[in-house]
Amino acid sequence: MQFGLNEEQEMIVSTVRSFVENEIYPHEDLVDRTGEVPEEVAEEIKRKTIELGFYACNFPEEVGGAGLSHLEFALVERELGRGSMALNHFFGRPQNILMACEGEQKERYLFPAVRGERMDALAMTEPGAGSDVRGMKCSAVRDCGDWVVNGTKHFISGADHADFIIVFVATGEDQTPRGPKKRITTFLVDRGTPGFTIRDGYKSVSHRGYKNMVLEFDDCRLPDAQVLGEVDGGFAVMNEWLYATRITVATMCVGRARRAFDYALDYAAQRHQFGQPIGKFQGIGFQIADMITEIDAADLLTLAAAERLDRGLPANREIASAKLYASEMLARVTDAAIQVHGGMGLMDDYPLERFWRDARVERIWDGTSEIQRHIISRDLLRPLGA
């Protein structure tokens with residue numbers, strides 16, 4: 001890996017960081033207090049992102065994206081991680097699996113999503129199937145040439161603003177030596193499709209304003225034209241998507257941790273007790289040292305994983321390691337930042353208590369820490385026959 005960024009990459013970092021500070025930060029308190037993103041704010045963020053040329057920057061140039069590499073996109077996500085997730089959602093990074101669109105699907109879904117004309121969301125998790133994706137109950141069966149979908153999805157982020165949803169559904173079952181194994185197919189489902197309902201989900205302490213929704217399918221009829229990719233090929237599509245999202249989680253954790261660290265560092269230098277800055281006391285100074293060491297380690301681990309993808313190298317274990325370490329690092333750093341501030345760290349005069357709340361979900365979504373440890377250990381043990 002080449003350490004250090006080139007001039008273009010430094011410009012990406014500078015541009016996105018400035019955008020977050022000027023367009024995201026000013027609205028964060030309102031969104032956290034109300035749990036809502038005003039429509040005019042959302043549209044303004046989207047408009048300015050398009051003007052900057054960063055909307056759908058995770059897509060190749062041939063479909064209208066900015067054509068950033070995996071490493072460059074990780075830098076974008078790292079800077080976005082400094083700001084409210086509810087607000088930076090409108091910076092616009094459609095699901096990369098829309099590249100699987102074929103024929104008319106490109107005109108209906110891919111190109112409008114890249115241009116910012118239609119927003120997407122992705123639905124995989126169910127009340128009874130989180131980490132055990134193969135345990136999903138939401139299913140589709142053939143009927144008169146169509147697919148009829150029944151079931152429920154929950155914890156679906158971004159569905160409140162989505163024009164269409166990318167939904168993973170069980171479409172059959174195979175008998176294997178280890179028991180029944182679900183076949184999964186991916187569907188594109190438009191808001192307003194008969195038999196398809198989007199309703200409010202649960203109130204979360206993390207990322208207020210970035211809502212999770214419940215999707216309900218009641219004899220929802222879909223033609224073959226709504227299948228994304230191959231019938232029964234959804235698991236392969238899902239794994240490709242998870243690569244990207246787990247790097248995103250890791251990079252955003254790094255960005256948020258750096259913002260929390262900046263508050264802690266400034267406070268340690270300015271707050272005086274016993275006649276000197278509290279940072280001069282080892283109890284505080286050593287925490288500062290540990291925080292930056294962990295942040296830098298998570299940053300390098302994450303960028304190295306992204307760079308492996310750019311080189312076409314296997315990166316399953318490296319991505320899992322980045323997601324695991326960065327998400328758990330963020331929990332430690334936000335907690336330490338509050339400790340440095342003492343009682344003030346828990347007051348809403350500072351955003352630290354929000355960072356602390358937001359950090360908790362990172363170890364759960366897009367694959368829990370336990371799932372990441374499973375991926376890492378299996379990757380190491382399988383070649384040894386264990």
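Under 6 Å by Cβ, and 6 or more places apart or on different chains, what pairs join a residue from segment 241-266 that is of a type in the set (S, T, N, Q) with one that is open to solvent by less than 20 Å² (accessible area, probe 1.4 Å) and in a helix (DSSP H, G or I)?
248/77; 251/74; 251/77; 251/302
So for segment 301-318 (the condition being hydroxyl-bearing (Ser, Thr, Tyr) and buried (at least 21 other Cβ atoms within 10 Å of the Cβ)), does at least one residue qualify?
Yes, segment 301-318 contains at least one residue that is hydroxyl-bearing (Ser, Thr, Tyr) and buried (at least 21 other Cβ atoms within 10 Å of the Cβ).
What residue, of 266, 290, 296, is modelled with pLDDT of 95 or more, within 25 Å of residue 72 (Cα to Cα) and part of a helix (DSSP H, G or I)?
Answer to the selection: 296.
Restricting attention to segment 134-154, which residues are open to solvent by 20 Å² or more (accessible area, probe 1.4 Å) and part of a loop (DSSP other than H, G, I, E, B)?
The answer is 137, 144, 145.
Could you run through segment 155-178 and say how many residues are open to solvent by 40 Å² or more (accessible area, probe 1.4 Å), over 21 Å from residue 361 (Cβ atoms) and at pLDDT 95 or above?
Residues flagged as open to solvent by 40 Å² or more (accessible area, probe 1.4 Å), over 21 Å from residue 361 (Cβ atoms) and at pLDDT 95 or above within segment 155-178 amount to 1.
Output the number of the condition that residue 89 fails; it satisfies all remaining conditions of (1) free of Cβ contacts under 8 Å to residues at least 40 places away in the same chain; (2) under 25 Å from residue 254 (Cβ atoms); (3) part of a helix (DSSP H, G or I).
Unmet condition: (1).
Against the condition modelled with pLDDT of 95 or more and closer than 18 Å to residue 240 by Cα, how does residue 317 come out, does it pass?
yes
Every residue, every condition in (1) open to solvent by less than 10 Å² (accessible area, probe 1.4 Å); (2) touching a Lys or Arg at 6+ places or on another chain (Cβ under 6 Å); (3) among the hydroxyl-bearing types (Ser, Thr, Tyr); (4) on the phi > 0 side of the Ramachandran plot, yes or no:
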{"site": "234", "(1), (2), (3), (4)": "yes, no, no, no"}
{"site": "237", "(1), (2), (3), (4)": "no, no, no, no"}
{"site": "248", "(1), (2), (3), (4)": "no, no, yes, no"}
{"site": "264", "(1), (2), (3), (4)": "yes, no, no, no"}
{"site": "274", "(1), (2), (3), (4)": "no, no, no, yes"}
{"site": "286", "(1), (2), (3), (4)": "no, no, no, no"}
{"site": "298", "(1), (2), (3), (4)": "yes, no, no, no"}
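Return the residues of segment 352-371 that are open to solvent by 20 Å² or more (accessible area, probe 1.4 Å) and part of a loop (DSSP other than H, G, I, E, B); say none if nothing qualifies.
364, 365, 366, 368
Could you check segment 1-38 and list, in sequence order, the residues that are in a helix (DSSP H, G or I), of a type in the set (D, E, K, R) and either open to solvent by less than 70 Å² (accessible area, probe 1.4 Å) or closer than 26 Å to residue 350 by Cα (or both)?
Hits for segment 1-38 are 17, 21, 23, 28, 29, 32, 33.
Please go through (1) under 18 Å from residue 146 (Cβ atoms); (2) surrounded by 11 or more Cβ atoms within 10 Å (Cβ to Cβ) for residue 191 and return the number of the only condition it doesn't satisfy.
Residue 191 satisfies all of (1) under 18 Å from residue 146 (Cβ atoms); (2) surrounded by 11 or more Cβ atoms within 10 Å (Cβ to Cβ) except (1).
Any chance you could count how many residues in segment 66-96 are of a type in the set (A, V, I, L, M), open to solvent by less than 10 Å² (accessible area, probe 1.4 Å) and farther than 21 Å from residue 43 by Cβ?
Qualifying residue count, segment 66-96: 2.
Which residues, taken from segment 30-58, are under 21 Å from residue 255 (Cβ atoms) and in contact (Cβ under 8 Å) with a residue 60 or more places away in the chain?
Answer for segment 30-58, where residues must be under 21 Å from residue 255 (Cβ atoms) and in contact (Cβ under 8 Å) with a residue 60 or more places away in the chain: 31, 32, 37, 42, 46, 49, 55, 56, 58.
So residue 57 passes all but one of these: (1) open to solvent by 60 Å² or more (accessible area, probe 1.4 Å); (2) closer than 28 Å to residue 303 by Cβ. Which condition number does it fail?
(1)
Can you tell me which residue is most open to solvent (accessible area, probe 1.4 Å) among those in segment 333-342 that are touching a residue at least 40 places away in the same chain (Cβ under 8 Å) and not small (Gly, Ala, Ser)?
339
Quick check on segment 99-117. Is at least one of its residues assigned to a strand (DSSP E or B), modelled with pLDDT of 95 or more and touching a strand residue (DSSP E or B) at 6+ places or on another chain (Cβ under 8 Å)?
no
Assess whether residue 56 counts as being in contact with a Gly (Cβ under 7 Å, 6 or more places away or on another chain) and either within 27 Å of residue 240 (Cβ to Cβ) or at pLDDT below 95 (or both).
Yes.
Going by the conditions given, is residue 291 under 26 Å from residue 32 (Cβ atoms) and either touching a strand residue (DSSP E or B) at 6+ places or on another chain (Cβ under 6 Å) or open to solvent by 10 Å² or more (accessible area, probe 1.4 Å) (or both)?
Considered against the rule, which asks whether it is under 26 Å from residue 32 (Cβ atoms) and either touching a strand residue (DSSP E or B) at 6+ places or on another chain (Cβ under 6 Å) or open to solvent by 10 Å² or more (accessible area, probe 1.4 Å) (or both), residue 291 comes out as no.
The values are calculated or read from the model by the stated rules, or taken from the named source; none is laboratory data. Everything numeric here is computed off the predicted structure, so don't read it as measured data. Cβ atoms come from the backbone with ideal geometry, glycine included; neighbour counts cover every protein chain shown. With ligands, DNA and RNA removed, areas are computed over all heavy atoms of the protein, side chains included. Shrake-Rupley method; radii C 1.70, N 1.55, O 1.52, S 1.80 Å.
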